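Asks: Below you'll find the structure I mean.
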Amino acid sequence: MQAHIKGSSVRNGAMWLLVLLGFWRPTAAQHITGEVRVAEGGVLPGVNVVVPGLERGAVTDADGRYLLERLPLGAHTVAFRFIGYVTETRTVVVQADTTVTLDITLQPATLQTDEVVITGAGGHTAMLNRATLSVSTLEARDLDALRGQTLGETLEQLPGVTTLSTGPSIAKPVIRGLHSQRLVVLNAGVPQEGQQWGGEHAPEIDPFAPARIEVVKGAAGVEYGVGAIGGAIRVEPRELPTQAGLGGRLMLNGFSNSRQGAGSVLLEGGSRQVPGFGWRVQGTARKAGDAHTRDYVIGNSAFEEFDANIAAGYHTERFGVDAYYSHFGTELGLYRGAHIGNVDDLLRAIERGEPLVDYDFSFTIDPPKQTIAHDLITLRSHYDFATRDRLELQFGYQRNKRQEFDAHRRFGEPDEDPAFALTLTTQTLEAKLRMAPRGHFFGVAGVSGMNQANRNTESGYLIPNFRALTGGTFARGTWISGPWTAEAGARVDWRWLEAFPRENLSRGDFVRRTHNYASFSGVIGGIWRFASAWSVAANLGSAWRPPGVNELYNFGVHHGTAQFETGDPRLGGERSLNADVTLRHATNRATLETSVYNNHIDGFIYLFPTQEEVVTIRGSFPAFQYQQNDVVLRGLDGSASYRLTSWFTAGLRGSVVRATNLDIDTPLIFMPADRATVSGQVAFPDWGRLHLAALEVEGVFIRKQTRVPTGVDYAEPPDGYALLNLSYHAELHLDNLPLTFSLGVQNLLNTRYRDYLSRFRYFIDDPGRNVVLRLQVPFGTVAR
């Protein structure tokens with residue numbers, strides 16, 4: 001019997017091998033090559049040459065030449081992009097086993113940069129000259145390998161960026177130790193306003209929607225406005241099609257740990273009847289059950305999410321207008337073991353360090369939980385004058401509705417009656433005038449305004465009702481000559497706040513309180529390209545922010561983090577002075593970008609644990625009080641890669657933050673631990689229908705956070721840990737259909753660990769091994 005089974009296995013294996021060999025038969029090779037020149041004469045290295053429909057690309061070399069290899073048959077639109085020149089697109093029909101020659105001449109155009117961030121340009125020249133601040137970018141191909149994760153988890157791939165997590169489904173980005181109201185997140189050009197004050201209030205953005213994410217690290221308040229003390233995150237959707245056609249893509253993900261399934265369908269097209277008109281619709285769904293650590297299930301950590309976006313635009317040679325709508329909706333559970341009935345049980349739960357109850361896996365979402373709905377509408381347009389100056393206008397409307405449900409309710413049903421419900425409505429308007437280069441100089445100036453109102457519709461008044469008006473104006477100029485770049489800018493902002501808290505925070509009648517704030521931001525910086533492959537950038541920037549309503553008037557249980565928070569109406573604003581120096585190196589084989597910084601913040605506002613727990617009718621909770629001190633955050637972060645051979649590339653990235661409370665000369669609490677990531681990637685040669693295959697191994701090393709104030713936290717920082725990750729990705733070409741797939745394993749060794757920035761580290765471990773499968777299937781004939 002065993003011999004029969006063994007023989008059958010051999011025959012079956014041989015049969016499948018023959019099938020695979022037949023399936024992966026050799027295919028014809030189609031290429032596009034050519035030269036890029038400029039109207040002023042000469043070739044242009046560093047031009048991004050991309051096929052947007054395939055998300056494939058190349059960069060012109062020192063002689064201005066490029067090569068797009070192994071393209072599927074059919075018509076493709078090729079785009080040529082370089083900062084300072086008009087983007088050119090051409091449609092090319094590729095036939096079997098041919099090489100098409102396509103030469104292009106680029107024309108000068110208005111430079112359009114924010115904080116002189118020119119990461120959109122390709123090549124080594126662009127990297128060396130791209131910004132006076134430290135900037136990191138995730139392009140479409142990078143994002144495809146991370147789809148299905150939260151924005152915070154996605155950005156962890158960048159140096160200097162970590163996450164503040166609240167269970168396995170909530171992660172918000174932390175840049176150089178700063179997060180929440182100290183970062184400005186722009187979604188499709190609009191500052192995201194969604195109760196971002198909460199440590200467990202992650203940005204409400206569909207993880208399948210972005211085509212590009214850019215992170216600016218350091219004080220970036222001149223163009224990004226109030227709150228950009230720690231930096232800015234720009235999230236941009238896909239560009240709309242510019243030519244006739246219809247197509248799209250299907251994206252599917254599966255995660256083993258929580259049995260999460262995620263999918264997104266995108267459909268887009270252009271019009272033959274109305275040249276220049278393009279449109280896109282996209283829908284996304286994610287559903288996950290309880291996550292599990294190495295040893296146990298994290299009870300009530302399931303979530304479900306439904307997102308959608310619609311976009312349409314019309315563009316001519318000098319005019320363009322785009323309309324964009326997005327909806328984000330989620331319901332997510334919060335670990336119930338963090339909601340404790342009395343003080344003794346709370347202290348025992350922290351000391352025990354693991355659940356008292358053995359939870360069974362489930363897709364059910366029970367209280368405590370959150371439901372969030374965020375809607376964004378934006379309309380933006382531009383007009384190019386004959387002088388090549390550009391006027392830009394953008395209007396944004398947002399409505400954020402957040403409900404938090406407690407595990408224990410004195411009145412009503414916990415699953416139906418929220419402990420508190422907030423509806424935040426925001427309108428923004430911005431106008432910019434970008435000046436075309438005049439000699440060695442170009443610049444931008446603008447004005448912006450925001451109208452905001454928050455309405456509390458339940459009995460729990462963690463955040464009071466409020467209204468706020470904000471206005472600002474700014475100007476910034478840049479001078480470039482040879483290896484030198486210099487920039488300077490200034491901004492003035494004003495904010496009026498009207499809030500309706502209880503008279504003594506905890507009790508009494510509701511009273512009207514008004515606050516007025518006004519201040520300035522400034523920046524001066526420069527870049528020196530001191531060698532062909534090296535540059536150094538320096539930036540000195542100052543930014544500010546007024547205190548948030550939560551910091552002034554919070555009083556109550558914050559259910560998402562399972563802690564009792566108390567504000568202080570006497571708090572003033574924050575003022576930062578940030579110095580940043582960045583060294584860059586770029587060649588065909590190696591890249592390096594490393595930064596050192598010193599960020600001094602006067603009046604830094606933060607939550608600090610008090611000595612006594614707070615007992616409420618909903619249970620017993622750790623207590624935290626907002627307080628204010630002068631602090632300094634120093635550190636370094638960076639990344640490097642080196643292509644040792646044609647098939648092996650090594651990578652390294654890491655970050656170190658040292659934060660000190662200057663008033664009492666102690667370490668600042670809740671700062672990221674030192675971390676480093678080492679990676680190696682093996683690229684495989686094409687084999688039949690299999691293209692661009694690669695295997696990557698990654699080691700993540702986190703030190704124990706030892707720089708903490710002594711005797712103030714409820715538990716010691718967790719030990720350091722190391723994680724091993726493994727992934728394989730490739731393209732499978734089926735006739736004209738390039739199917740992209742990847743298989744990865746996060747925490748391959750199923751290591752037990754807790755991160756210091758996990759809000760639930762007092763009670764549970766972080767999730768264990770996770771096998772992730774991703775699949776992308778393009779369809780249709782749209783040419784972009």
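Asks: Quick check on my link table: of LYS172/LYS369; LYS217/LYS401; LYS172/LYS217, which ones sit more than 19 Å apart, alpha carbon to alpha carbon? Mind showing how you got there, number by number?
Replies: Values: LYS172/LYS369 17 Å; LYS217/LYS401 29 Å; LYS172/LYS217 16 Å.
In this structure, LYS217/LYS401 lie more than 19 Å apart at Cα.
Asks: With a 1.4 Å probe and all protein chains kept in place, how much accessible area does PHE510 have, in Å² rounded to the nearest 10?
Replies: 100
Asks: Can I ask one more? Find which of LEU422, ALA262, PHE500 sits farthest along the positive direction of the dipole of region 232-781, computed with +1 on the beta-carbon of Lys and Arg, -1 on that of Asp and Glu, about the Cα centre.
Replies: Projecting each Cα onto the dipole axis, the largest value belongs to ALA262.
Asks: Another question, then. How would region 178-312 be classified by its alpha-carbon gyration tensor: rounded, prolate or oblate, with rounded meaning a/c under 1.5 and the a/b versus b/c comparison settling the rest?
Replies: Details: a/c = 2.92, a/b = 1.16, b/c = 2.51.
Oblate.
Asks: Next question, about the same structure. Once you place label points 7 Å from the Cα toward the Cβ at LEU577 and ARG512, how far apart are they in nm?
Replies: With each label point 7 Å from Cα toward Cβ, the separation is 4.0 nm.
Asks: Order these peptides, 250-263, 686-699, 297-310, by their mean beta-carbon neighbour count within 10 angstrom, highest first.
Replies: 297-310, 250-263, 686-699
Asks: Any idea what the alpha-carbon Rg over 2.2 N^0.38 Å comes to for region 153-219?
Replies: Region 153-219 yields a ratio of 1.04.
Asks: Relative to the Cα centre, what is the charge dipole magnitude of region 290-369, using +1 at the beta carbon of each Lys and Arg, -1 at the beta carbon of each Asp and Glu, and rounding to the nearest 20 debye?
Replies: 200
Asks: Still on this structure, I have one more. Averaging sequence separations of C-alpha pairs under 8 Å and six or more residues apart, then dividing by the length of the chain, give the relative contact order as a whole percent.
Replies: On the way: 2259 pairs, mean separation 90.8, N = 784.
Once divided by the residue count of the chain, the mean separation gives 12 percent.
Asks: Another question, then. Efficiency by 1/(1 + (r/R0)^6): what FRET value for THR98 and TYR383, r their Cβ-Cβ distance, R0 = 56 Å, to the nearest 0.05? Working shown, then result.
Replies: Numbers: r = 41 Å, r/R0 = 0.74.
E between THR98 and TYR383, to the nearest 0.05, is 0.85.
Asks: When the chain is fully extended, how far beyond the present Cα-Cα distance does LEU433 get from ARG272, taking 0.36 nm per residue of separation?
Replies: On the way: separation 161, 0.36 × 161 = 57.96 nm, distance 3.21 nm.
Here the segment from LEU433 to ARG272 would lengthen by 54.7 nm.
Asks: Report, by chain and number, residues whose modeled amide H sits under 5 Å from the one on VAL297, excluding near sequence neighbours (fewer than 5 apart, same chain).
Replies: So VAL297 has HN proximity to TYR359.
Asks: A further question follows. Any chance you could get the radius of gyration and Dmax over the Cα atoms of the chain, in Å?
Replies: Final numbers for Rg and Dmax: 26.8, 86 Å.
Asks: Could you calculate the contour length gain from LEU773 to VAL536, that is, 0.36 nm times the residue separation minus the distance between their Cα atoms, to one decimal place in nm?
Replies: Values: separation 237, 0.36 × 237 = 85.32 nm, distance 4.02 nm.
Gain on extension, LEU773 to VAL536, equals 81.3 nm.
Asks: Can I ask one more? Could you tell me the largest-minus-smallest coordinate of the C-alpha atoms of region 361-408 on each of the three principal axes, in descending order and whole angstroms?
Replies: Reported extents, whole Å, longest axis first: 64, 22, 11.
Asks: Give me the extension gain from ALA312 to ARG141: residue separation times 0.36 nm, minus the current Cα-Cα distance, reported in nm with one decimal.
Replies: On the way: separation 171, 0.36 × 171 = 61.56 nm, distance 2.36 nm.
Roughly 59.2 nm would be gained on extension.
Asks: Kindly provide the helix-only [θ] at 222 nm of the chain, computed as the sum of -39,500 (n - 2.57) over DSSP H runs of four or more divided by all residues, to the nearest 500 deg cm²/dmol?
Replies: Working: 7 runs with 58 residues, N = 784.
-2000 deg cm²/dmol, from helical runs alone.
Asks: Would you work out if region 513-575 is rounded, prolate or oblate? Take a ≥ b ≥ c from the square roots of the eigenvalues of the alpha-carbon gyration tensor; rounded if a/c is under 1.5, else prolate when a/b is larger than b/c, oblate otherwise. Write out the running numbers ahead of the final one.
Replies: Numbers: a/c = 6.67, a/b = 2.23, b/c = 2.99.
The shape class here is oblate.
Asks: To continue, here is another question. Output ³J(HN,Hα) for region 575-584: one whole-Hz value per residue in order, computed from phi by the Karplus curve 6.51 cos²θ - 1.76 cosθ + 1.60 with θ = phi - 60°, and x for Gly and Pro.
Replies: 9, 10, 10, 10, 10, 9, 10, 10, 9, 10
Asks: Counting only DSSP beta bridges with both residues in the chain, what percent are antiparallel, rounded to the nearest 5? Spell out each step's value before the answer.
Replies: Working: 324 of 339 bridges.
Rounded to the nearest five, the antiparallel share is 95 percent.
Asks: Among LEU433, VAL511, VAL697, whose Cα projects farthest towards the positive end of the dipole of the chain, with charges put on the beta-carbon of Lys, Arg (+1) and Asp, Glu (-1)?
Replies: It is LEU433, whose Cα lies furthest towards the positive end.
Asks: Now a separate question. Hey, got the dipole for the chain? About the Cα centre, +1 on K and R Cβ, -1 on D and E Cβ, debye to the nearest 20?
Replies: On the way: 74 positive and 82 negative charges, 282 e Å.
Using Cβ point charges on Lys, Arg, Asp and Glu, the chain gives about 1360 debye.
The values are calculated or read from the model by the stated rules, or taken from the named source; none is laboratory data. Just so it is clear, the model here is predicted, and its values are computed rather than measured. Backbone-built Cβ (ideal geometry, glycine too); neighbour counts: all protein chains shown. Note: areas computed on protein heavy atoms with side chains; ligands, DNA, RNA excluded. Shrake-Rupley method; radii C 1.70, N 1.55, O 1.52, S 1.80 Å.
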